[in-house]
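First the structure, in the form of structure tokens, and then the observations on it.
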């Protein structure tokens, strides 16, 4: 049973709510931590200065920032623009005092089917933004995504690969373990242990895998409603030394259509029962 | 470029067509090989004796049979019924002279989230039907499925795991490499090589991964329409000693709604250009 003071919610989980209103809701309902999206703050025209004040007033902690990634998605010619955009996300994280940034490996290079070359291209771009993050003292959290997102989002699809990438990339980058993306993996326990040995577990995301899953992107489930053995994986994480929050990150057409205050209450309930 | 004499089509690819009519179409259009589904022949009330005559008359070869699996899906109490049903599929394969049977590892045990126990339960049941298959001289082809099917169909999600299972299970079981299920895997080349060393590659399935994928089950693409580097994986298979057919297996609401003769012509065209 997880306690509410271990809860964080990723902003995308309550996608329909404007940022200022969302911080008000979290404060009122006792959600202690948020991971904001840089794109959302821009969409809602909230400067980092204003955001910092809102966060302070609400007494809410920042768990992380979304996100760095998408290196090869615009092709080789788009490389520099992607890197520059990622540097802006790093600047953003510094300005709001976030401890880490969700970092995706990037998918296939645009118009290419070459998975091996795309891995090299993406790792090379990531090395460049990592150098910048190191200078500014922000930790990148490489988050392996489910293999169904390999073409468009992440050629890194397992904690094993994330560990391998971290070893190649060196200091300043760790791993985000999202149970939705990784629960199916026979090496998960062993690779969480390996990540723990190197103090590499930067953050943890929870949700659930629904059966059936009706949409490849927007049908994640609430904890307890699917097939993931969340307490078992949580135990592996704690055995590996993880002491951070469990961040609820749910992309869902169904939940986005609910009254969001009631939905947050539901998240709190499921979090306490099933994480 | 693949030649048409290397083509096989899995019966599910032309799901709307009744079996007798389908064999007529394949004969007329020069499709040299089919993998029938036992359930389809039962649905169409075609005995194995009649099927054998139809196949002979049409001059079509059998590439394999679908399928063995689903061991724990009815819970522990359903174990024996599942095994008995699998034995019927093995009998069916013997009666039609099929060289191998598509064999799925099975998903999570009913009402359980215990992936590790489900793996053990399924492997144990599989060992029992493998013993029966050995007695009858039919080869089982363990087919790893994409991790998105782990809950309901297959806890084995990579060629690496399939190789490991084959080593534990012993003689009489090999591997079916379906590119749709395995293309994303960083260990694919190495594990195909490993499978080849042990003469374990029983069959190969082709289709393509579409971006975006609109349905988790029924939106596979025609070869060349997605992101899978089919010729590269084909080269790995041939380097590993595979000399069999490339079987087109496509579950697709979109293609099932087409005129099926025109669709078969399209398959032949894409097969020659992109496999």
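Derivation of every value follows stated rules applied to the coordinates shown; laboratory data play no part. Bear in mind that the values here come from a model prediction, so they are computed numbers and not experimental data. Every residue, glycine among them, receives a Cβ derived from its backbone with ideal geometry; neighbour counts consider all protein chains shown.
For the stretch B:84-129: of the residues being assigned to a strand (DSSP E or B) and without any contact (Cβ under 8 Å) to a residue 60 or more places away in the chain, which is farthest from residue B:53 (Cα to Cα)?
Looking at residues that are assigned to a strand (DSSP E or B) and without any contact (Cβ under 8 Å) to a residue 60 or more places away in the chain, I get B:106.
Note on the stretch B:5-29: residues that are more than 16 Å from the chain's Cα centre (by Cα), in a helix (DSSP H, G or I) and within 16 Å of residue B:261 (Cβ to Cβ) total 11. Within the stretch A:102-132, restricting attention to residues that are out of contact with any helix residue (DSSP H, G or I) (no Cβ under 8 Å at 6 or more places or on another chain) and away from chain B (no Cβ under 13 Å), the residue that is farthest from residue B:233 (Cα to Cα) is A:131. What do you reckon, is residue B:72 crowded, with 16+ Cβ neighbours inside 10 Å and assigned to a loop (DSSP other than H, G, I, E, B)? Criteria met by residue B:72. Taking the residues in the stretch B:133-149 that are assigned to a loop (DSSP other than H, G, I, E, B) and within 20 Å of residue B:88 (Cβ to Cβ) as candidates, determine which candidate is farthest from the other protein chains (Cβ to nearest Cβ). Applying the filter and picking the extreme gives B:137.
Listed here are the helices (runs of 4 or more DSSP H) enclosed by the stretch B:150-266 that have at least 1 residues being surrounded by 17 or more Cβ atoms within 10 Å (Cβ to Cβ) and away from chain A (no Cβ under 12 Å): B:159-169, B:188-197, B:230-239, B:253-256.
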